[in-house]
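Notes follow once the structure below has been shown.
The values are calculated or read from the model by the stated rules, or taken from the named source; none is laboratory data. For clarity, every value in this text was computed on a predicted model and none was experimentally measured. When we count neighbours, we look across all protein chains shown, and the Cβ atoms used for this are built from the backbone with ideal geometry, even at glycine.
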Ligand code: PMP
């Protein structure tokens, strides 16, 4: 008898190539769209006090009442309409666990955030891709294509990322709403970068019972390492999602840190302003190189390298990515899908980091 327990692993899981997060403690890390600034001083002091006094020896509040109350004030929604999660990565899983599953399908518009497809696949579901339409230096939703896909029997969840990662743009609000209105399936609008874009569909939730909005503390609020996301939808939908989460899915420190981040949000808003000002400078500087700079509403910029063939573009992107790494600058190299060949995504860093990036690019271009 063979003794190979791995043969019992589901074949579709064995086929997955795992995502390898890059750990890059030194140098300029502009690959993951984080807030580049350190925590505001007063925020650090408040968290230090938490460590001294908060009863971390006890299990966290499984209902995250205090954080949900803070989020209720921040979003203008009722606390019963809010679910917090271990990053919005977990929220994506939870919604798909609730509404999707084996044999069911998630509709996505590539290029977009890879986690939607990954989570769908490891849950035994299928991905229906309705590619974005590239128009000049931006991307547009294929509304008719999305509605046709949503109408398929197996389709359960449609995911729209707004602003879209990695392309950076917000979609036209009327296009998103045309999708939400044109289907009774669940439509997730992922607003991970809301604070940078300043645009949200949160105020339209009451009109659309099938709309689910997701956000995160990992970007503008600088808590990527603490893993806090949240999902807002009707209380009925949120109640169903609660059933499939772990009872203590967000740890006590992260709950406190996120609550205090909301209380101290003026300091984070000042950081967002600085990032946006830096983004304008960086876009203008990047425009001097020969590559295509796409429009952005977020804290990152999508670039496509020039070349007369796709192969040449891919080769140039790989060279620049490696050349930047050799100079201590980590950006995200994308690829492996329509629209993504020969592209890079650069997060807006602190002013001195952006200068280093530009200097390194100057060497390489
Ligand atoms: N959605 C989008 C669009 C993202 O870019 C990210 C982070 N890369 C996430 C969700 C996940 O964020 P987190 O799990 O850190 O909350």
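Within segment 211-237, the residues that satisfy the criterion of being surrounded by fewer than 20 Cβ atoms within 10 Å (Cβ to Cβ) and either within 30 Å of residue 147 (Cβ to Cβ) or more than 16 Å from the ligand (Cβ to nearest atom) (or both) are 234, 235, 236. Every condition in (1) assigned to a strand (DSSP E or B); (2) surrounded by fewer than 19 Cβ atoms within 10 Å (Cβ to Cβ); (3) under 16 Å from the mean Cα position of the chain (by Cα) is met by residue 127 except one, and the failing one is (3). Between 277, 270, 290, the distinction of being surrounded by fewer than 17 Cβ atoms within 10 Å (Cβ to Cβ), part of a loop (DSSP other than H, G, I, E, B) and assigned by the TED database to the domain that holds residue 32 belongs to 290 only.
Might you check whether a residue that is at pLDDT below 95 and over 18 Å from residue 344 (Cβ atoms) occurs anywhere in segment 275-283? So far as segment 275-283 goes, no, none of its residues is at pLDDT below 95 and over 18 Å from residue 344 (Cβ atoms). Those helices (runs of 4 or more DSSP H) of segment 3-122 in which 1 or more residues are buried (at least 18 other Cβ atoms within 10 Å of the Cβ), in contact with a strand residue (DSSP E or B) (Cβ under 8 Å, 6 or more places away or on another chain) and at pLDDT 95 or above occupy 65-75, 87-99, 115-122.
Taking the criterion of being part of a loop (DSSP other than H, G, I, E, B) and within 18 Å of residue 273 (Cβ to Cβ), the residues of segment 189-216 that qualify are 193, 198, 199, 200.
One line per residue, one yes/no per condition, for (1) modelled with pLDDT of 95 or more; (2) surrounded by fewer than 16 Cβ atoms within 10 Å (Cβ to Cβ); (3) more than 23 Å from residue 193 (Cα to Cα):
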position	(1), (2), (3)
305	no, no, yes
315	no, yes, yes
339	no, no, no
349	yes, no, no
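Within segment 25-33, is there a residue that is without any contact (Cβ under 8 Å) to a residue 24 or more places away in the chain and in the same structural domain as residue 348 (by the TED database)? Yes: segment 25-33 contains one or more residues that are without any contact (Cβ under 8 Å) to a residue 24 or more places away in the chain and in the same structural domain as residue 348 (by the TED database).
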